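Below is one structure, written out as structure tokens; the observations come after it.
The values are calculated or read from the model by the stated rules, or taken from the named source; none is laboratory data. Just so it is clear, the structure is predicted and the values come from calculations on it, not from any experiment. Every residue, glycine among them, receives a Cβ derived from its backbone with ideal geometry; neighbour counts consider all protein chains shown. Ligands, DNA and RNA are stripped out before the accessible areas are found, and what is left, the full protein with its side chains, is counted by its heavy atoms. Shrake-Rupley method; radii C 1.70, N 1.55, O 1.52, S 1.80 Å.
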Amino acid sequence: MSSFVLKGDICYSENATTLHTLQGGYLVCAEGSSLGCFESLPGLYQDWPVYDYSNKLIIPGLVDLHTHAPQFTFRGLGTDLELLEWLNAYTFPEEARYRDLAYAEPNYQAVVRNFVAGPNTRVVIFASAHTEATLLLMDQMEQSGLVSYVGRVNMDRNAPDSLREADAEVSLQATREWLVAAAGRYRRTYPILTPRFVPCCTNALMNGIAKLQGEWNIPVQSHLAETLKEIEWVKELNPGCRHNADVFVNAGLLGGAATIMAHCVWCDEDETRVLKQSGAFIAHCPQSNANISSGIAPIRRYMREGLNVGLASDVAGGMQTSIFRAIADAVVVSKLRWRLVDTGDMPLTFAEAFYLATIGGGAFFGRVGSFRPGYEFDALVLDDEAFSTSRTVTLAERLERFAYLSDDRHIAQKYVRGEALFAPAST
Ligand code: GUN
Ligand code: FE
């Protein structure tokens, strides 16, 4: 790891509503951390290598708080189904194939290659209910240079025999073995406990996962309040529970451990209060929620009430892995929610969605998602030359345009914890 300076047109979120922009500025990285941005290079750093990206945008790396690596193979398919039908028709049969490492290997390679080429520097991943394939994915993520959490999925009910684990104890024992195998093996790839969602997990399994959480002190991820049918089903399976979050609380989860809950489309006031008290992160998956007709999550309300929110792709509920796409979709669906559901909640602005994509989700990883001094140095260098016209645009407008129009080919360089992922362009 090294210390260096990037020169270019720098943008990052000051807070949820304000972008900080600096044209032709200097961004200083020391041993994987940001030392901040400067209009002119301070004397202290005069001898450090300067990489000149003049006229290119430099922004923090984007964070995907929720995706499914084994579902990469069928993204863009089955888009006429709702969640529960889609799980049975596409998801479960596909995930069952990851028992076979010969199937898992090339397909995990494909998804990891896609992650590296795109704008996300941090990813929180559901693997499948298979220990060996999950470790294989973790090995590949470690190799990739990206920072990730990867979860071996727990599921002991309501799934086909080909995927469902025999009972809670079998699932927990396999999880223990996976945690032991992963311990000490990685520098930037972390395990995360992953009870799939309440319909797939008996209370015995949820209780056991809470116990493992206490023993290992690692975070937890799951799905919560994604669709109305799922919520009804959860109430049938757990009579007396007020909502989905109740089931986690009763099991001893959501009690302070770092937690990501994907979707949260339909949380009522009480469920929102429980999530806020626990400090859980909401992974907002706008493309998936639209694609499988789940609904429009009330992100404006969550932000107003001070919940932790980040953005997520939820492949293959969503089709695109890029969190630039999630930024655009978060803004678009918030407008529909304002117009069609609740005129009291104003649409998200671009600056707010960019904040969620960087600092919002980055906070799950610690000091991530900004260039303020002390933040881990995840940065993207973006070439927006292809979008320029005679029109004069501000730096903030260039960023907004890039988010809506770019694809992976426009990413010139990508740094994660201060390490460059792409070979330098030959000049
Ligand atoms: N709920 C339970 N499993 C899944 C999944 O794989 N994708 C989505 N979107 N929701 C889920
Ligand atoms: Fe999901």
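Points to keep in mind about this one:
- Taking each DSSP H run with n ≥ 4 as -39500 (n - 2.57) and averaging over every residue of the chain yields -10000 deg cm²/dmol at 222 nm.
- Ranking ARG391, ARG185 from most to least accessible surface, computed with a 1.4 Å probe over the protein chains only, gives ARG391, ARG185.
- Label-reachable residues, region 1-43, where backbone N falls under 14 Å from a point 7 Å from VAL50's Cα toward its Cβ: 4-9, 24-29, 38-43
- Its residues counted as N, region 156-305 yields a C-alpha radius of gyration over 2.2 N^0.38 Å of 1.05.
- Cross-link reach is defined here as a Cα-Cα straight distance under 27 Å, omitting same-chain residues fewer than 8 places apart; for LYS276 the lysines meeting it are LYS211, LYS229, LYS235, LYS335.
- Applying 1/(1 + (r/R0)^6) with R0 = 60 Å to the Cβ-Cβ distance of GLU132 and GLU14 gives a FRET efficiency near 0.85.
- Per-residue SASA entry for SER293, accessible area with 1.4 Å probe, Å² rounded to 10: 80 Å²
- Projected-area average for region 57-179 over all orientations - Cα convex hull basis, square nanometres: 8.4 nm²
- Region 268-427 - percent relative contact order, Cα under 8 Å, separation 6 or more: 17 percent
- Dividing the Cα radius of gyration of the chain by 2.2 N^0.38 Å, with N the residue count, gives 0.96.
- Remark: relative contact order (region 57-202) = 25 percent; criterion is Cα-Cα distance under 8 angstrom and separation of 6 or more residues.
- Shape of region 165-244, Cα gyration tensor, a/c cut at 1.5: prolate
- Within straight-line reach of LYS56, meaning a Cα separation under 13 Å, sit the following aspartates and glutamates at least 8 residues removed in sequence or on another chain: ASP9, ASP383, ASP384, GLU385.
- The GluC sites (Glu not before Pro) of region 1-60 that DSSP puts in a loop, and whose beta carbon has at most 10 other beta carbons within 10 Å, are GLU39.
- Whole-number accessible area per residue in Å² for the chain, which is evaluated in the context of all protein chains at 1.4 Å: 39 Å²
- Accessible surface of the chain [probe 1.4 Å, protein heavy atoms]: carbon and sulfur percent: 50 percent
- Across the chain, the mean sequence separation of Cα contacts (distance under 8 Å, 6 or more residues apart), normalised by length, yields a relative contact order of 21 percent.
- Global form of region 223-316, assessed from the alpha-carbon gyration tensor, a/c cut-off 1.5: oblate
- Packing rank of 392-398, 344-350, where each peptide gets the mean count of other beta carbons within 10 Å, highest leading: 344-350, 392-398
- Considering only the chain, percent of DSSP beta bridges that pair antiparallel, nearest 5: 40 percent
- Convex hull of alpha carbon positions in region 333-427: directionally averaged projected area 9.0 nm².
- Working from label points 7 Å from Cα in the Cα-to-Cβ sense, the ALA386 to LEU41 distance is 3.0 nm.
- Applied to region 148-155, the Karplus parametrisation 6.51 cos²θ - 1.76 cosθ + 1.60 on θ = phi - 60° returns per-residue 3J(HN,Hα) values of 8, 10, 10, x, 7, 6, 9, 6 Hz, with x for Gly and Pro.
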